[in-house]
1. Can you tell me the equivalent ellipsoid semi-axes for the stretch 23-93? Use √(5λ) from the Cα gyration tensor, largest first, whole Å.
2. Along the three principal axes, how long is the stretch 97-168 when you take its alpha carbons, biggest first, rounded to the nearest angstrom?
3. Using only the Cα atoms, work out Rg/Rh for the stretch 1-52, with Rh taken as the Kirkwood radius, to two decimals.
4. Taking the C-alpha atoms of the stretch 1-146, how large are the radius of gyration and the largest Cα-Cα span, Dmax, in Å?
5. State, to one decimal in nm, how far the label point of Leu109 lies from the label point of Asn147, with both points 7 Å from Cα in the Cβ direction.
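No value in this document is a laboratory result; all are computed from the given coordinates. Here the structure is a predicted model, which is why all the values come from computation and not from measurement. Every residue, glycine among them, receives a Cβ derived from its backbone with ideal geometry; neighbour counts consider all protein chains shown.
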Amino acid sequence: MEEKQILLLGIGNVLWADEGFGVRCIEALNRQYKFPENSVLMDGGTQGIYLVQHVQACDILVVFDAIDYGLEGGEMKLIEDDAVPNFMGAKKMSLHQTGFQEVLSTSKLLGDYPEKILLIGVQPTVLEDFGGSLSPEVKIQIEPAINIALHYLQQLGIQVEIRTEALPETEALSPSELALEQYEAGRPSEAEACRVGDDRVLADAAIRFDPKPSIIDQPVSVDVDHRGQY
């Protein structure tokens, strides 16, 4: 019997607070657990349609993502199989969800579609915070989401081993600078790097509009002869 191919995929953008939930789940799984050779753990980021070949290649797909279900912040919801594409496109928070919905539909159209799909989604609390990390309500759901994924795989006969020692951040799936601990520790304070409009710039006396009208404010006349030529 041919071995089933498994893909565990985290999607989202770690630079926009709770949007990074899926990627953070995959990071934690990779560091804490050993998977059989027929398994792939992938930081899908915001690659969208470029993930098609990877989805086509798997029989079992587990996706971690932040999904706007309209629930309380931090609530988790599990969606399986044919219902997954509908939830990925129900209320899009960002382009990566549009892209992943297209990944699933394209895979089905091409005839290579996973036999089993599990979407582990959490309701985000904070999105519009560039450079921010996960909100406490979402961050606390990483371990429960991982346990759900492990239990799901176990029910399908897929055994996963816990590492005796977690992998170092230098062996992460993405650049170590983006690993959760380093990312959070390295963020400048609001005083050093304002996350909205910066009043220090707006109030700077050296930056002012020129009171003289610019050339674009001047009336322009164009002479046209009787043949309609300039």
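1. Working through the eigenvalues yields semi-axes of 22, 16, 12 Å.
2. In descending order, the Cα extents are 40, 37, 23 Å.
3. Taking Rh as the inverse mean 1/r over Cα pairs, Rg/Rh reads 1.04.
4. My reading of the Cα-based Rg and Dmax gives 14.3, 49 Å.
5. A separation of 4.1 nm, rounded to one decimal place.
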